[in-house]
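Each value in this text was obtained by applying a stated rule to the coordinates, not by laboratory testing. Fair warning: this is a prediction, and the values are worked out from it, not measured in the lab. FYI the Cβ positions are ideal-geometry reconstructions off the backbone, even for glycines, and counts take in every protein chain you see.
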Amino acid sequence: MENKDPKEVEKEKLKRINDVFKLAKEKEVKMIDLRFTDMIGQWQHFSVPVHRLTEDVFYDGFGFDGSSIRGWKAINESDMLAIPDPTTANVDPFMKTKTLSLICDIYDPITKKPYDFDPRYVAKKALNYLHSTGIADVVYFGPEAEFFILDHVAYNINEYSSWFRIDSREGFWNTGSENEANLGHKIRLKEGYFPVPPSDSTNDIRNVMVEHLMNAGIDVETQHHEVATAGQAEIDFKFAPMLLCADQLQMFKYIVKNTARAEGKTATFMPKPIFGDNGSGMHTHISLWKNGNPLFAGDKYAGLSDQALHFIGGLLKHAPALLALSNPTTNSYKRLVPGYEAPVNLVYSKMNRSAAIRIPMYSDSPKSKRVEFRCPDGTSNPYLTFAALLLAGLDGIINQIDPGQPMDKDIYHLSPEEHKSIKHAPATLEMALEALSKDNEFLKQGDVFSSDLINTWIDYKMEKEVKQVQLRPHPYEFHLYYEV
């Protein structure tokens with residue numbers, strides 16, 4: 001990152017540490033919750049009494065066993081350190097005992113160096129690489145993580161049966177029973193964008209989520225019902241520098257899920273929980289800046305600069321591999337199918353929402369000029385995904401990768417010849433992982449992603465997810481084949 005006077009850095013850190021102590025005292029905190037992100041992208045945590053929070057732990061950390069964290073240390077090398085970042089302090093609104101949360105960086109206790117598999121460290125290395133190129137000094141990210149708010153979810157899987165059932169009072173299929181009131185006002189498939197209450201039955205819950213988000217320092221811009229039935233929602237927060245944005249996205253998901261739980265409902269970022277309706281994505285806006293100036297504004301297509309077009313070229317070139325990180329579940333590819341506004345076409349456009357990359361045209365201001373990568377979904381690890389998207393775009397700029405011609409036509413009404421010329425997103429997670437295994441050199445620039453991390457990711461996803469789904473009979477196969 002940019003060179004700063006070590007004395008000034010240390011002075012700023014001590015100020016931040018003192019701010020944490022003041023906040024803990026002001027809010028009468030009893031417990032400190034230490035959080036970090038595992039390889040897959042889920043927050044993990046452990047708590048200590050407030051008296052254990054001393055100045056030393058912001059340098060020496062807390063020891064814990066990393067052998068049970070997915071994709072991390074082996075049992076014979078399990079000791080790890082969690083070092084809290086004092087800039088991330090927040091009072092938790094959900095825990096009964098007054099608790100202050102702190103996001104941690106993970107270190108090796110022997111070498112005292114950051115742990116290569118810590119996703120937050122990968123994001124930091126990506127920022128170091130950005131600064132080393134001299135191309136930009138800040139990259140902003142703005143994710144739109146959609147989710148469903150449901151009334152009931154149940155599922156089970158074993159050797160002889162598999163099933164799931166979800167329900168929502170505003171779902172078009174909900175009929176109620178003699179013992180359960182059903183007040184109508186159901187939202188039909190693809191008609192959730194966006195009716196007022198009572199059809200929109202989750203507005204009040206979204207408002208409570210917004211309150212919690214703003215109390216956590218997240219600048220919310222808007223909340224609304226999304227296109228699908230059954231409580232599909234979107235809450236947008238203001239773009240932020242990459243590392244802060246990834247931290248905020250983890251807090252965002254935590255607040256959404258826990259607010260729903262507190263209201264007697266459940267929230268999921270699963271991309272495609274409902275057959276036949278729109279899935280939940282995480283359209284991700286990206287822009288590069290240098291010396292306070294936006295680098296993506298220019299006089300080219302859609303008001304873009306050459307750098308922005310080359311950034312798009314890098315994203316499109318590496319898109320199949322990127323999706324192994326940005327769309328990392330087998331369920332992700334049940335969303336990436338034609339017919340549901342899904343960004344399945346690896347093209348760019350200022351108009352077409354089925355394009356993988358869109359250039360928003362809401363404002364003529366150079367400061368608002370950005371690239372919107374529409375493929376990702378909320379199951380992704382934000383630190384790894386944001387780092388990978390940045391590296392792909394930088395590869396495009398450094399090598400001046402041509403993104404080709406934009407696609408502003410209605411893709412669903414192209415001629416067969418035109419349609420054949422368009423590249424498409426991988427159809428399965430397995431295909432995306434195969435693409436990542438062949439195309440990953442751009443991720444290794446600046447030693448951001450190690451070969452070990454990439455291979456561990458591919459192996460874990462193949463063994464723990466892809467093959468496990470492949471091995472199990474699907475209920476629909478009984479419908480198709482039982483009588484054959």
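A few remarks follow.
- If the chain linking V469 and S162 were pulled fully straight, counting 0.36 nm for each residue of separation and taking away their Cα-Cα distance, it would gain 109.4 nm.
- A simple packing score, the average count of other Cβ atoms within 10 Å per residue, orders the peptides 78-87, 18-27, 274-283 as 274-283, 78-87, 18-27, with the highest score first.
- Segment 330-352 and segment 419-484: distance between their alpha carbon centers, rounded to Å: 17 Å
- Percent RCO, i.e. relative contact order, over the chain, from Cα pairs under 8 Å lying at least 6 residues apart: 14 percent
- Mean Cβ neighbour count within 10 Å, used as a protection proxy, ranking 229-235, 4-10, 340-346, 130-136 highest first: 229-235, 340-346, 130-136, 4-10
- Cα gyration tensor shape of the chain, rounded if a/c is under 1.5, else prolate or oblate by comparing a/b with b/c: rounded
- L243 sits among other residues whose Cβ lies under 9 Å from its own Cβ, and their net charge, with Lys and Arg +1 and Asp and Glu -1, is +1.
- With θ taken as phi - 60° and the Karplus curve 6.51 cos²θ - 1.76 cosθ + 1.60 applied, the whole-hertz 3J(HN,Hα) list for segment 357-372 is 10, 10, 10, x, 10, 5, 9, 8, 5, x, 5, 8, 6, 8, 10, 10 Hz, x standing for glycine and proline.
- Computed E for S450/H185 - FRET, C-beta separation, R0 56 angstrom, nearest 0.05: 0.60
- Label point at F46 placed 7 Å out along Cα→Cβ; residues across segment 82-98 whose backbone nitrogen lies under 17 Å: 82-85
- A simple spin-label model places the labels of K22 and S365 3.1 nm from each other, with each point 7 Å out along Cα-to-Cβ.
- Cβ-based net charge around M95, under 13 Å, with every Lys or Arg adding one and every Asp or Glu removing one: +4
- Cβ-derived FRET efficiency at R0 41 Å, T133 paired with K238, nearest 0.05: 0.95
- Given K112/K461; K125/K253; K113/K367; K190/K257; K272/K420; K98/K190, the pairs whose alpha carbons are separated by over 31 Å: K113/K367; K98/K190
- Contour excess over end-to-end distance, with Cα ends at K98 and Q400 and 0.36 nm allotted per residue: 103.5 nm
- Charging the Cβ of each Asp and Glu at -1 and of each Lys and Arg at +1, and nothing else, the dipole of the chain about its Cα centre rounds to 380 debye.
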